[in-house]
Amino acid sequence: MDSRRRPAGFLTQANALLRKNLCLQKRNLKTNIGITIFPILICVLLLVLQNIINNELDKPKYNCGCACVDTDMYGTCRKRECGVQYSTLEQVWSCAIPSPPRWPALIQVPQPQFRAVRTVSQPFDDLPDPSCRDSLSCPASVLITGKDRGFAESVAGGLFPVFAPTLNVTDYLDALSRIVVGSDTIPGYTQLVEPAFSSSDTLYLLQPQCVPFLSQTISYNARGIPLQLNIQCVEGVLLWRESTSVINDELLKGYIQRGGKTNEFIAGYDFLSSTEYGLGINVWYNSTYGGKTAFSFIAALRVPRLVNAVSNAYLKYIRGPGMEVLLEYVKDMPKVGTSYRFDLSSLISPLFFTWIVELLFPVMLTYLVYEKQQKLKIMMKMQGLKDGPYWMISYGYFFVLSVVYMTFFVIFGSLIGLNFFRVNNYGIQIVFFFVYINLQIAFAFFVASFFSSVKIATGQ
């Protein structure tokens, strides 16, 4: 008689609780099925959106440009060629370029309406009068400083070589390597195409003094790429400043994000302690053209010509006008043909997939708070239930539900080709999801202790 009244053992209590949970979940079969297949629906939605994006990116405007180069007597195309010469600026990035074109090294010239002029915050007498902006005829200014003013100004005087009428303009690479030419276009993040030559924008020929014949239009064919160079002469002005701190202050005040009007310079040079026996300089340039943000590529800034120009000026000052060091061109590395691809799953995965995993949290919280609200746990304890079996079975149920949920998610996502699952190592994914699932279950147990009503816990 006493043995029959002895409290049930741990396994007996756990078995009873398991049966109770199974009966409860049998009543909620539709809800459990919906929770389990929800990840599949999300994966299908991502697949549909990814296919829509891929179909859009497969359109001709996003692929390398092609043209018919041979037709038969009926006008039917027999041979098509694809390449940079048939592409727009948007298409060229997808072309195979085994031998990238050479481009002249340019400098970044401020737009005419933003070039430095005399203002209230920058009242230097040597700055141009603001009225030049009305006619878009302002010169482009360069700031210089150094310990030896006479030496610095003498060397800087050769920064912009005078254009010689005898210069062979038919070889545009050679011609533009001997003078200083710039552009106000935004630089690209590669040098496969120089934006200054891919549009009808103007090339600025920087000269100590402009004459009318220097502004002209030149047509040229660069390795099959037709170019039309609209060249406009711009006076390059050298402005001496007493120290680097003055230059820093002047550049900062003219910066567009500083407030007020933009007052932009080409660059600044600090000649430090340079002499006839050695050249050492610091160069200021506008790095904001690089577009250095977390959401874009960093552009290839037009800095090499700034360094070459001062090196060339120094060499001519020391050895005479017949001596020069030419920067003939810049070019990118060869590349294979590519296609535009936008991986939606990888882009939104850090936030989107975290939300999907967390969808189980309100399910677990509601379950725990419901038992507290209905006094089920208290009634079971009155019948001899201990805490150990209760927490073990509750944890086991949540763990199994989470494992099934995530298994469906990972398997189906991999089958339909989502890179978030296929590219990352599955072992790492298993460890990550295992840890995350356990932390989520523990957090649900912790949060449930603060609620006694399901409506409050679910925010209804």
Mind checking the full-extension length gain between residue 51 and residue 440? Use 0.36 nm per residue of separation minus the Cα-Cα distance, one decimal, nm. 136.7 nm
Under the Karplus relation with 6.51, -1.76 and 1.60 and θ = phi - 60°, whole-Hz ³J(HN,Hα) for the range 38-45, x at Gly and Pro, equal 4, x, 5, 5, 5, 5, 4, 4
Let's see if you can work this out: charge +1 on each Lys and Arg Cβ, -1 on each Asp and Glu Cβ, no other charges. What is the dipole magnitude of the range 99-319 about its Cα centre, in debye to the nearest 20? 400 debye
Go through the range 154-160 residue by residue and turn each phi into a ³J(HN,Hα) via Karplus (6.51, -1.76, 1.60, θ = phi - 60°); whole Hz please, and just put x for glycine and proline. 5, 5, 5, x, x, 4, 10
Three-way shape label, the range 402-441, alpha-carbon gyration tensor, a/c 1.5: oblate
Once amide hydrogens are built 1.01 Å from N within the peptide plane, the residues lying 5 or more places from residue 269 or on another chain with amide H under 5 Å from its amide H are 143, 144, 145, 284
Starting from the Cα of residue 79, step 7 Å along the direction of its Cβ; do the same at residue 335; then give the gap between the two resulting points in nm. 2.7 nm
Would you grab the residues whose amide H sits under 5 Å from the one on residue 281? Only those 5+ places off in sequence or on another chain, please, with H modelled 1.01 Å from N. none
At R0 = 41 Å, FRET efficiency that the Cβ-Cβ distance of residue 69 and residue 315 yields, to 0.05: 0.30
Using the Cβ atoms and a cut-off under 10 Å, what net charge is assigned to the surroundings of residue 119, where Lys and Arg are +1 and Asp and Glu are -1? +3
Along the range 104-114, what does the Karplus equation 6.51 cos²θ - 1.76 cosθ + 1.60 (θ = phi - 60°) give for ³J(HN,Hα), rounded to whole Hz, x for Gly and Pro? x, 7, 9, 10, 8, 9, x, 5, x, 7, 10
What does the extension gain come out to for residue 253 and residue 287, with contour length at 0.36 nm per residue minus their alpha carbon separation? 10.7 nm
Calculate, in nm to one decimal, what residue 90 and residue 243 gain on full extension: separation in residues at 0.36 nm each, minus their alpha carbon distance. 50.7 nm
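Computed from the coordinates by the stated procedures, all read-outs in this text should not be read as laboratory data. Just so it is clear, the structure is predicted and the values come from calculations on it, not from any experiment. Every residue, glycine as well, gets a Cβ built from its backbone with ideal geometry; the counts of neighbours run over all protein chains shown.
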